[in-house]
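Everything below concerns the one structure shown next.
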């Protein structure tokens, strides 16, 4: 059974930011965890682009400041959650 | 006159701009710095847990004007690192964000401004060399208690020299992109204060919308960054962003690869932006050389020429000067910005000028026929990852401290930890990340059968895969 888009998104976040499933909540924002600094952010953007085969716009990269915000932003690229 | 003593010269010109919109003129900055200084006595040591905010700068300038030496640390410093430094140095005062004051229980509060408090920590007087102005860290986060001792002359000379070759004007406006506890970040502040130009203080990163909103609303002219910053700028397609006020880009904190230098130089040429690729070290206050913007396209891998007042030369292993172009040797520098030496303990604060103005950089370099210098390698074992200097020897020692037999090697892209115990890989990665505060992508563990050693027990790094 192939993974849903939400499962794929969560997996990328967990791996890029070195987190546990219970960390995926509305409190997860940029700089709130050690690995989500500027380097972590770049790494996360690249990993999401690879996973969903998209190229993110500058405005979206700098607006992507939380786990929940990320879902809204990716939806703009036609990814349904 | 030194920039920190000369603030009144610029009177009503704006000096500092906070993210909140609060601004301070040069005159106000001088008054508030002096007010801060009334709370600190001579022959004492101040620790400043710095943020890019008005309070930090006021405290910093207050210490310089009051002639009381200060150590600049990150306001995010790891609790255990801070505890170690407090025990070792026993500073008399700590200027820090109130919300971290729990790290120093029982310290009395003397003064506060905004979110910052001045705490009285240790009562002991200490012997401080009269030239000692600032203690700055080199590798920031590997837990090393080593500071670079910078003098008043160092700070004044480097600020003036940098302001000269950058041609900083009173109508320039810098925005902070690097922490002020880092010599490069601090040099941006110092060189602009030297010229009566304003500095926008922010802790926001280039990956946050609020950074660019501030840049645009303030019409900042000058942006500085380490190599990683330039990777970010490129990824953000900065050349397509609406930044009409931008006119100066500076780069230091490690080698920006020639391809990227070329890419940025071409865009900057087209936009009329001056790009300054630079080289320096905390041991030289901040800056030793710069690549003139007009040479960036032709010589993208060069560190350029010494800063005004500075001098480079290259020596072979025997200490003889090398004069042939293209021949490689160790790079030496002489200038008023060469710092006094290091401090590893409170007693070291009494030490004087051990370098006498000459610095062996530890970098291998060559000079071309036009007098432009190039760094070709390093003498000692450290790397610069994501703008942070990491001493590989230190990482090895710290890992041995938790019983992990290992050898550390690597380059500015990746630190490889060679180890024999496969089951400890996760523990090692977690430990080094915590110590260095670097993202896990900076590290790679490599499991091998045994660490190659010679008969004297020294690790043979060339045999590591």
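Note on segment B:84-102: among residues that are touching a strand residue (DSSP E or B) at 6+ places or on another chain (Cβ under 8 Å) and part of a helix (DSSP H, G or I), the one that is surrounded by the fewest Cβ atoms within 10 Å (Cβ to Cβ) is B:98. Of the numbered conditions (1) facing chain B (nearest Cβ under 10 Å); (2) touching a strand residue (DSSP E or B) at 6+ places or on another chain (Cβ under 9 Å); (3) more than 25 Å from residue B:426 (Cβ to Cβ), residue A:66 satisfies every one except a single condition; which is it? Failing condition for residue A:66: (1). Could you tell me whether segment B:31-42 includes any residue that is assigned to a helix (DSSP H, G or I), in the same structural domain as residue B:193 (by TED's automatic domain parsing) and buried (at least 23 other Cβ atoms within 10 Å of the Cβ)? Looking for residues that are assigned to a helix (DSSP H, G or I), in the same structural domain as residue B:193 (by TED's automatic domain parsing) and buried (at least 23 other Cβ atoms within 10 Å of the Cβ), one finds at least one in segment B:31-42, hence yes. Scoring residue A:81 on the criteria (1) modelled with pLDDT of 95 or more; (2) more than 13 Å from chain B (Cβ to nearest Cβ); (3) part of a loop (DSSP other than H, G, I, E, B) leaves a single failure, condition (1).
Taking the condition over 24 Å from the mean Cα position of the chain (by Cα), at pLDDT 95 or above and in a loop (DSSP other than H, G, I, E, B), does residue B:171 pass? Yes: the conditions hold for residue B:171.
Can you tell me which residue is farthest from residue B:264 (Cα to Cα) among those in segment B:197-233 that are in a loop (DSSP other than H, G, I, E, B) and at the interface with chain A (Cβ under 9 Å from one of its Cβ atoms)? If we take residues in segment B:197-233 being in a loop (DSSP other than H, G, I, E, B) and at the interface with chain A (Cβ under 9 Å from one of its Cβ atoms), then B:208 is farthest from residue B:264 (Cα to Cα). Might you let me know whether segment B:322-332 holds any residue that is surrounded by 14 or more Cβ atoms within 10 Å (Cβ to Cβ), modelled with pLDDT of 95 or more and touching a helix residue (DSSP H, G or I) at 6+ places or on another chain (Cβ under 9 Å)? Within segment B:322-332 (the criterion being surrounded by 14 or more Cβ atoms within 10 Å (Cβ to Cβ), modelled with pLDDT of 95 or more and touching a helix residue (DSSP H, G or I) at 6+ places or on another chain (Cβ under 9 Å)), the answer is no, since none of the residues qualifies. Can you find a residue in segment B:130-140 that is at negative phi, exposed (fewer than 15 other Cβ atoms within 10 Å of the Cβ) and modelled with pLDDT of 95 or more? For segment B:130-140, residues at negative phi, exposed (fewer than 15 other Cβ atoms within 10 Å of the Cβ) and modelled with pLDDT of 95 or more: present.
When segment B:364-397 is filtered for residues that are assigned to a loop (DSSP other than H, G, I, E, B) and at pLDDT 95 or above, the ones remaining, listed by number, are B:368, B:369, B:370, B:371, B:372. Which members of segment A:7-56 meet the condition of being in contact with a strand residue (DSSP E or B) (Cβ under 8 Å, 6 or more places away or on another chain) and more than 14 Å from chain B (Cβ to nearest Cβ)? A:26, A:28, listed by residue number.
So that you can scan it fast, the table gives a plain yes or no per residue for (1) in the same structural domain as residue B:246 (by TED's automatic domain parsing); (2) closer than 27 Å to residue B:384 by Cα; (3) in contact with a helix residue (DSSP H, G or I) (Cβ under 7 Å, 6 or more places away or on another chain):
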{"site": "B:175", "(1), (2), (3)": "yes, yes, yes"}
{"site": "B:191", "(1), (2), (3)": "yes, yes, yes"}
{"site": "B:197", "(1), (2), (3)": "yes, no, no"}
{"site": "B:203", "(1), (2), (3)": "yes, yes, no"}
{"site": "B:211", "(1), (2), (3)": "yes, yes, no"}
{"site": "B:214", "(1), (2), (3)": "yes, no, no"}
{"site": "B:224", "(1), (2), (3)": "yes, yes, yes"}
{"site": "B:230", "(1), (2), (3)": "yes, yes, yes"}
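The number of residues in segment B:343-363 being part of a strand (DSSP E or B) and farther than 22 Å from residue B:323 by Cβ comes to 1.
Checked against (1) within 14 Å of chain A (Cβ to nearest Cβ); (2) touching a strand residue (DSSP E or B) at 6+ places or on another chain (Cβ under 6 Å); (3) within 20 Å of residue B:163 (Cβ to Cβ), residue B:282 meets all criteria but (1). Among the criteria (1) surrounded by 19 or more Cβ atoms within 10 Å (Cβ to Cβ); (2) farther than 21 Å from residue B:340 by Cβ; (3) in contact with a helix residue (DSSP H, G or I) (Cβ under 8 Å, 6 or more places away or on another chain); (4) more than 14 Å from chain A (Cβ to nearest Cβ), the one residue B:155 does not fulfil is (2). Checking the condition in contact with a helix residue (DSSP H, G or I) (Cβ under 8 Å, 6 or more places away or on another chain), in the same structural domain as residue B:156 (by TED's automatic domain parsing) and not in a loop (DSSP other than H, G, I, E, B), which residue from B:112, B:80 passes? When all the criteria are applied, what remains is B:112.
Rundown of residues vs (1) within 14 Å of another protein chain (Cβ to nearest Cβ); (2) out of contact with any helix residue (DSSP H, G or I) (no Cβ under 9 Å at 6 or more places or on another chain), yes/no style:
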position: B:355; (1), (2): no, no
position: B:375; (1), (2): no, yes
position: B:379; (1), (2): no, yes
position: B:384; (1), (2): yes, no
position: B:401; (1), (2): no, yes
position: B:404; (1), (2): no, no
position: B:423; (1), (2): no, yes
position: B:460; (1), (2): no, yes
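Do we have residue B:413 as within 14 Å of chain A (Cβ to nearest Cβ), exposed (fewer than 15 other Cβ atoms within 10 Å of the Cβ), without any contact (Cβ under 8 Å) to a residue 12 or more places away in the chain and not in a strand (DSSP E or B) here? So residue B:413 fails the test.
Name every residue in segment B:234-275 that is within 14 Å of chain A (Cβ to nearest Cβ) and out of contact with any strand residue (DSSP E or B) (no Cβ under 6 Å at 6 or more places or on another chain), in order of residue number. Passing the criteria: B:234, B:235, B:236, B:237, B:238, B:239, B:240, B:241, B:242, B:243, B:253. Residue B:242 satisfies every condition listed in (1) more than 22 Å from residue B:376 (Cα to Cα); (2) modelled with pLDDT of 95 or more except (2).
The values are calculated or read from the model by the stated rules, or taken from the named source; none is laboratory data. On a predicted model such as this, the values are computed, not experimentally measured, just so you know. Heads up, the Cβs are rebuilt from the backbone with ideal geometry, glycines too, and the neighbour counts pull from every protein chain shown.
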